[in-house]
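Working notes, beginning with the structure itself.
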Amino acid sequence: MTREPILSFTDKGIYCAAGDFYIDPWRPVERALITHAHADHARPGMGTYLATDGTLPIMRHRLGDISASSIAYGQALRIGDAQVSFHPAGHVPGSAQIRVEVGGEIWVASGDYKTTNDGLSEPFETVKCHHFITESTFGLPVFRWADQNAVAAEINAWWARCAAVGKTAFLGAYALGKAQRLMSMLDPQIGPILTHTAVENTNRVLREQGYALPDTILANADLNPKEHPGAIVICPPSAMGSAWARKYGPQETGFASGWMAVRGIRRRRAGGRGFVISDHADWAGLLAAIKETGAENIYVTHGYTEIFNRYLNENGWQSQVVPTQFEGETLEAQEDT
């Protein structure tokens, strides 16, 4: 008899019958295991949540009063007939891949991940498995990330030029993960680092957990921009061009995303500058991660699913596209909570 797969793909999310739980479900379920706190993976309405020690405080900040518990990286936990453990995904602080083992068969749901060490998030850990569920947000050969130090130099040079001519630099980024990574890349000798309320609220939660972030100043309605010349403002892209942003007077805007690797997208954006940096794996990172797991069976979710899946099948893997409601790194990056 053919055994049912350990993880199945349902209209509520990725389901493990042996443990009666879901991974990153997008509809309300009784028991949810969460890879990380971005809104497309950690949604409201679940009966109970389980996440890493680093992710749970951010989830509580975003979702409010939830029934939840946390787990350390690498700690094995028995849920029904399944043994589960969480392992670093390198995506954002606290992010995880979830390993599920039943009867010696191992599946890994990777959520979102990146394989390069950004110096802030817990570095990606290869988890050997038989079945690997992978994103494909940037699953095209055109997406190949430059060294982070080179991108940092580019951003700091732009900020310094803005400061030199009396302009405020506005840099748009997700409030969780990307914003803090960018802060860690900035040279505070250039000027003060100001943060939108959504970003600073996340900073507070991360600082309380011991993540080292540079000094920042909350850019709320009470702040007088004239008292902070030469500043850079980190904010959600949805805040750029708003009445709040316009009070800073002369300014330049920039956007940090893997999508900035596509010249046509850079031209179409209203922002003046595009910096190519992502919290997702590039083409080489995706392939390296998949190869190093040793998995023969690959399940491709959100992103360039059809193209990436075809490449995998043509190069020795058994791969299939699976439907999910995950978004990866959206072009507009509207998440600002």
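Between Gly139, Gly103, Gly191, the GNM of the chain built on Cα springs shorter than 10 angstrom shows Gly103 fluctuating the most. Normalised by the number of residues in the chain, the mean separation of alpha-carbon contacts (under 8 Å, six or more apart) gives a relative contact order of 18 percent. Projected onto planes of every orientation and averaged, the convex hull of the alpha-carbon atoms in region 1-58 covers 4.2 nm².
Summarising the label geometry, the points placed 7 Å from Cα in the beta-carbon direction at Ile307 and Ala284 lie 1.8 nm from one another.
Any number yet on Rg/Rh for region 193-328, C-alpha, Kirkwood? On the Cα set of region 193-328, Rg over Rh gives 1.09. In straight-distance terms, cross-link reach from Lys247 covers every one of the lysines whose alpha-carbon lies under 28 Å from its own, apart from those fewer than eight places away in the same chain; here that gives Lys167, Lys178, Lys226. Restricting attention to the chain, close to 35% of DSSP beta bridges with both partner residues there are antiparallel.
Comparing the chain with the 2.2 N^0.38 Å rule of thumb, its C-alpha radius of gyration ratio is 1.01 (two decimals). Compute the signed sum of charges (Lys and Arg +1, Asp and Glu -1) over the other residues within less than 13 Å, Cβ to Cβ, of Thr55. So the environment of Thr55 carries a net charge of -2. Quarter the surface of the alpha carbon convex hull of region 44-120 and you get the mean projected area, 5.7 square nanometres. The value for region 166-244 of Rg(Cα) / (2.2 N^0.38 Å) is 1.02. Here Ile79 and Arg204 are evaluated by their C-beta separation; at R0 = 35 Å the FRET efficiency comes out at 0.65.
Any read-out appearing in this document is the output of simple, stated calculations on the displayed coordinates, not a laboratory observation. Quantities reported herein were computed from a predicted structural model and do not represent experimental measurements. Quick reminder, even Gly has a Cβ in these numbers, built from the backbone with ideal geometry, and neighbours come from all protein chains shown.
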